[in-house]
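The values are calculated or read from the model by the stated rules, or taken from the named source; none is laboratory data. This one's a predicted model, so the numbers in the text were calculated from it and none came from an experiment. Cβ sites come from the backbone with ideal geometry, for glycine too, and all protein chains shown count toward neighbours. Heads up: the accessible areas ignore ligands, DNA and RNA and are worked out on the full protein's heavy atoms, side chains in. Shrake-Rupley method; radii C 1.70, N 1.55, O 1.52, S 1.80 Å.
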Amino acid sequence: MKSRKRFRIVCLTLFILYVIAIIYFLLLSDIYGRTGGYSDYRYNLIPFLEIKRFISSAVHGGSILYVDVFINLIGNVVAFIPFGALIRWVRNQKTGFLIAILYTFLFSLAIELIQLFTRVGVFDVDDLILNTCGGAIGYICYRILRAIDRRRHQDGEKES
């Protein structure tokens, strides 16, 4: 039981560091032009509009660079995988798939709203979709690793 508590503390610490990193990169980082801000509100409320634009530009050799496509599409998914993987340990209770998705969506929505109201980014419904997909992938990874760990412990008990 002591190792489980220690594991939860490690997960909680990783989660806090993860949230700080996400907030920094999405709201404060000058790498992504977050220090200046916009003079007006910028938003996209049409699902899949930006996703289609990025994919179309990559496929047809448009003006968008491949690195921008990667950062926007893949980066939004990958950035939220840790959230989905760690949310169970942060809540310290059983967490089903739908609850993990809900928490990921709400965290992403909070970030998007902060970007909108502070005008340091663009509120994009596509980011909500991609981020939530990342959380779902993270939760699935957690479940797979948990099943592997349980099977390993069961096999170890059988050999004893």
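The distance between label points at residue 16 and residue 28 comes to 1.5 nm (points 7 Å beyond Cα on the Cα→Cβ vector). Projecting label points 7 angstrom from Cα along Cα→Cβ for residue 157 and residue 43 puts them 5.2 nm apart.
Per-atom-type breakdown for the range 69-145 gives carbon and sulfur 78% of the accessible area (1.4 Å probe, protein chains only). Using the alpha-carbon atoms, what tilt in degrees (0 to 90, nearest 10) does helix 97-118 show relative to the longest principal axis of the chain? So the inclination is approximately 30 degrees. Quick check: from the Cα gyration tensor, does the chain come out rounded (a/c under 1.5), prolate or oblate? It is prolate, given that a/c is not under 1.5 and a/b is the larger ratio.
Is the range 71-118 rounded, prolate or oblate when judged by the Cα gyration tensor, a ≥ b ≥ c being the square roots of its eigenvalues, rounded requiring a/c under 1.5 and prolate requiring a/b larger than b/c? Because a/c hits 1.5 or more and a/b fails to exceed b/c, the range 71-118 counts as oblate.
Between helix 2-23 and the chain there is an angle of about 0 degrees, using the helix long axis and the longest principal axis of the Cα atoms.
If I stretch the segment between residue 7 and residue 118 completely, what's the gain in nm (0.36 nm per residue apart, minus their alpha carbon distance), one decimal?
Here the segment from residue 7 to residue 118 would lengthen by 36.3 nm.
Suppose only helical runs count, i.e. DSSP H with n ≥ 4. What mean residue ellipticity at 222 nm does that imply for the chain under -39500 (n - 2.57) per run, divided by all residues and rounded to the nearest 500 deg cm²/dmol?
-22500 deg cm²/dmol
When nucleic acids and ligands are ignored and a 1.4 Å probe is applied, residue 111 ends up with an accessible area of around 10 Å². The C-alpha atoms of the chain define a longest principal axis, and helix 49-60 lies at about 80 degrees to it. Remark: accessible surface ordering of 11, 133 (largest first) is 133, 11, probe radius 1.4 Å. Of all stretches in the chain that contain no trypsin sites (Lys or Arg not before Pro) in a DSSP loop with at most 16 other Cβ atoms within 10 Å, the longest one is 43-93. Per residue, the chain exposes 65 Å² of accessible surface when a 1.4 Å probe is rolled over the protein heavy atoms with every protein chain present. Amide H contacts of residue 124: 44, each under 5 Å away and 5 or more positions distant or on a separate chain (H built 1.01 Å from N in the peptide plane; Pro and chain starts excluded).
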